[in-house]
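Undergrad: Take a look at the following structure, please.
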Amino acid sequence: MTKLLSLHLADFQWRLLMNDSLAGQFPVLTALCESGESGATATFGHEALLYASIYSGCSPDSHGVLGYDARRPDGLNVAPVARFHARKPFVWDLLDNQGVACAVVNMMATYGSHASYSHIFSDVMVKNKAAGPADISVLPSSIYPAHNRQQLLKNQWHPSLISDEDIAALTEQSGALSQSVTSTLKEALCQVANTQNIIIDALHSNEIAAIFACFDPLRTLLSNSEFTIDTSIIIKIMAFIDGCIGAILSVCPDISVCITGGGDHPFVIVRFPQSQPDQLLSSDFSLYDVAPSLLALFGYASAELNGKPIYSPDTPLVDICGQWQTAEDARIRMIKGLMPDTAVPPSMDKLPLMQQENIQAVTNEHNYHLAQHWIYAGRHADARHIIDRAELTSSQRRLLTELME
């Protein structure tokens, strides 16, 4: 049985990982690079666009995930980006539709997911604001199927289980971090521990063939406005994640592995049966090749994806182009049949001022992220179209114009 572990390391720093003087800090990832193939690509843009492009195999204007937040379906305000905001299926959706059971853990835009065979632990599954482990609650619709909530609570770590001394030891910055940053770090590291525990449980399952998971403590930490970027702290957190990956691989050392990351340069590390030890990926490699490669590992292909498999398949692949949409249409019809008619979202000018401002800010942010991506991709005409015609703040328009020059 083919078994896959696919990890996304949000905001992980490739330049630090590739620094020879720091190799001893990341022994597991260094060993994976030496036993497989790896490579970095040019700057892509915002982490949300990068993540969704890698795992949908489609470009940002196609998949529609343009930031961490998006307008709610009822149009009343904004909320963290969820599964219904993505216009294209992710790899695990396509595999699930073919009967391949996946475990999807802490991956962005998975809240509200539905699956036939897979187990979804979405990125908004736990309310960590609870006072202690006994008070933890799980958000409705954040875990699928629902009975998995008991498994999650059994494994649950909570920020109260990490002391300030633990954080000080990790960062070697005793007393230097504000209470807000310390609290953020505790929550971020607890999410890593929870994700690691669920992955290890999934590896012990004979049912689950593919595991997709995200470690995002760096993204969480960097989003705290009180955190002053300190490379030594970032290195320590990267080393902490490296240790978690080592614990996971010790359970199933021969599993096929794909690791992706954002940060300074998007990167991919693959260790598949066809991988050559300690090699760089070919110069024509694209981030859009990740999703087709993961499908090909299970014998499938889809012409709807932008990329191509990294390795030539040993046997012909089964084309599943269009099949997911047929299944998704059936699910939507079923859901609509069970739900009352949803009211038409109100026009912006009918909303309270704060909600109008939230929606406008997210709209501007999405336009900015997409234009920034087009500039990095060399599609200046597309970027110019957004700069000239789309909703942006004056500072966003100025920054984009400067980036183009």
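Undergrad: Confirm whether Asp284 is within 19 Å of Thr30 (Cβ to Cβ) and either outside the structural domain of Gln323 (by TED's automatic domain parsing) or exposed (fewer than 15 other Cβ atoms within 10 Å of the Cβ) (or both). Spell out the reasoning first.
TA: On the way: within 19 Å of Thr30 (Cβ to Cβ): no; either outside the structural domain of Gln323 (by TED's automatic domain parsing) or exposed (fewer than 15 other Cβ atoms within 10 Å of the Cβ) (or both): yes.
The answer is no for Asp284.
Undergrad: Let me ask something additional. Given the criterion free of Cβ contacts under 8 Å to residues at least 24 places away in the same chain and under 21 Å from Ile54 (Cβ atoms), identify the matching residue among Arg389, Arg379.
TA: When all the criteria are applied, what remains is Arg379.
Undergrad: Looking at (1) part of a loop (DSSP other than H, G, I, E, B); (2) buried (at least 22 other Cβ atoms within 10 Å of the Cβ); (3) on the phi < 0 side of the Ramachandran plot, which is the one condition that is false for Thr43?
TA: That leaves (2) as the condition not met.
Undergrad: Also: Taking Glu402 as the residue in question, decide whether it is outside any helix (DSSP H, G or I), charged (D, E, K, R) and more than 15 Å from Asp61 (Cβ to Cβ). Break it down into steps so the answer makes sense when it comes.
TA: Working: outside any helix (DSSP H, G or I): no; charged (D, E, K, R): yes; more than 15 Å from Asp61 (Cβ to Cβ): yes.
Criteria not met by Glu402.
Undergrad: If Arg72 passes every condition in (1) in contact with a strand residue (DSSP E or B) (Cβ under 7 Å, 6 or more places away or on another chain); (2) touching a residue at least 24 places away in the same chain (Cβ under 8 Å); (3) not acidic (Asp, Glu) but one, which one does it miss?
TA: So Arg72 meets the others, but not (2).
Undergrad: Being assigned by TED's automatic domain parsing to the domain that holds Ser122, crowded, with 20+ Cβ neighbours inside 10 Å and at pLDDT 85 or above is true for just one of Leu185, Leu177, Leu203, Leu218. Which residue is that?
TA: Leu218
Undergrad: Then there's this: Residues that are within 15 Å of Thr43 (Cβ to Cβ) and in a helix (DSSP H, G or I): does the stretch 389-399 have at least one?
TA: yes
Undergrad: Please enumerate the residues belonging to the stretch 351-386 that are crowded, with 20+ Cβ neighbours inside 10 Å and polar (S, T, N, Q).
TA: Residues satisfying the conditions are Asn367, Gln372.
Undergrad: Tell me, which residue of the stretch 80-92 that is in contact with an Asp or Glu (Cβ under 8 Å, 6 or more places away or on another chain) and crowded, with 24+ Cβ neighbours inside 10 Å is farthest from Gln325 (Cα to Cα)?
TA: Val81
Undergrad: List the pairs whose first member sits in the stretch 51-65 and is without any contact (Cβ under 8 Å) to a residue 24 or more places away in the chain, whose second member is of a type outside the set (A, V, I, L, M, F, W, C) and crowded, with 21+ Cβ neighbours inside 10 Å, and whose Cβ atoms are under 9 Å apart, counting only residues at least 6 apart or on separate chains?
TA: Taking only residues 6 or more apart or on different chains, not a single pair turns up.
Undergrad: Is one or more of the residues making up the stretch 235-248 at pLDDT 90 or above, of a type in the set (Val, Ile, Thr), surrounded by fewer than 17 Cβ atoms within 10 Å (Cβ to Cβ) and touching a helix residue (DSSP H, G or I) at 6+ places or on another chain (Cβ under 7 Å)?
TA: no
The values are calculated or read from the model by the stated rules, or taken from the named source; none is laboratory data. Remember, predicted model here, so these are calculated numbers, not experimental data. Using ideal geometry, Cβ is built from the backbone for each residue, glycine included, and neighbour counts are taken over all protein chains shown.
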